[in-house]
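Peer 1: Here it is: the structure, laid out below.
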């Protein structure tokens, strides 16, 4: 095994997008991410994510997508693991640990003082891995508003602000 953990390059986005689809299928959902979206978000004019890949020769064995985050409670910068995946046939080889360790190393170098992630409650293998790595469950409820709801919220908030404060509210 000649495993190497490295930053993804634009040409890796097809392989990473395929693994994102594999990850999503494990959760019973259809991934909306494409190689073009990954390339735009990681390598575009204003990158919002960073991608690490586990490369073994010409093949990608896994990936980790992360982004910077900030905790007001901690008063500290952190690393948020957006998605993390190792191909089924490569699990148990330490690839997940290598990806997480590299994300932690890069985060620490950038001033991060914590790392966080979300995990499906039914994903027992991932929960065991995260516990071995030192993660602990935090009693939070994960909440999300989808695109249509987000649009309605923004429109309603603007209308309510204009009613309350006048039309000069941006």
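The values are calculated or read from the model by the stated rules, or taken from the named source; none is laboratory data. Remember, it's a predicted structure, so these values are computed and weren't measured experimentally. Glycine gets a Cβ as well: all are built from the backbone with ideal geometry, and neighbour counts include every protein chain shown.
Peer 1: Take residue 158 and tell me if it is modelled with pLDDT of 70 or more, over 14 Å from residue 117 (Cα atoms) and surrounded by 10 or more Cβ atoms within 10 Å (Cβ to Cβ).
Peer 2: no
Peer 1: Report yes if some residue within region 137-148 is closer than 28 Å to residue 17 by Cβ, over 20 Å from the mean Cα position of the chain (by Cα) and not assigned by TED's automatic domain parsing to the domain that holds residue 25; otherwise report no.
Peer 2: Looking for residues that are closer than 28 Å to residue 17 by Cβ, over 20 Å from the mean Cα position of the chain (by Cα) and not assigned by TED's automatic domain parsing to the domain that holds residue 25, one finds at least one in region 137-148, hence yes.
Peer 1: Just need a number here: residues in region 11-39 that are under 18 Å from residue 81 (Cα atoms), in contact with a helix residue (DSSP H, G or I) (Cβ under 7 Å, 6 or more places away or on another chain) and either in a helix (DSSP H, G or I) or in contact (Cβ under 8 Å) with a residue 60 or more places away in the chain (or both).
Peer 2: 5
Peer 1: Could I ask something else about it? Could you pull out the residue among 91, 106 that is within 25 Å of residue 2 (Cβ to Cβ), in contact with a helix residue (DSSP H, G or I) (Cβ under 9 Å, 6 or more places away or on another chain), surrounded by 14 or more Cβ atoms within 10 Å (Cβ to Cβ) and touching a residue at least 24 places away in the same chain (Cβ under 8 Å)?
Peer 2: The unique qualifying residue is 91.
Peer 1: With 119, 81 as the choices, which residue is free of Cβ contacts under 8 Å to residues at least 24 places away in the same chain, assigned by TED's automatic domain parsing to the domain that holds residue 27 and touching a helix residue (DSSP H, G or I) at 6+ places or on another chain (Cβ under 8 Å)?
Peer 2: 119
Peer 1: Oh, and also: Suppose we filter region 1-14 for residues that are buried (at least 17 other Cβ atoms within 10 Å of the Cβ) and touching a strand residue (DSSP E or B) at 6+ places or on another chain (Cβ under 7 Å); how many remain?
Peer 2: Final tally of qualifying residues: 3.
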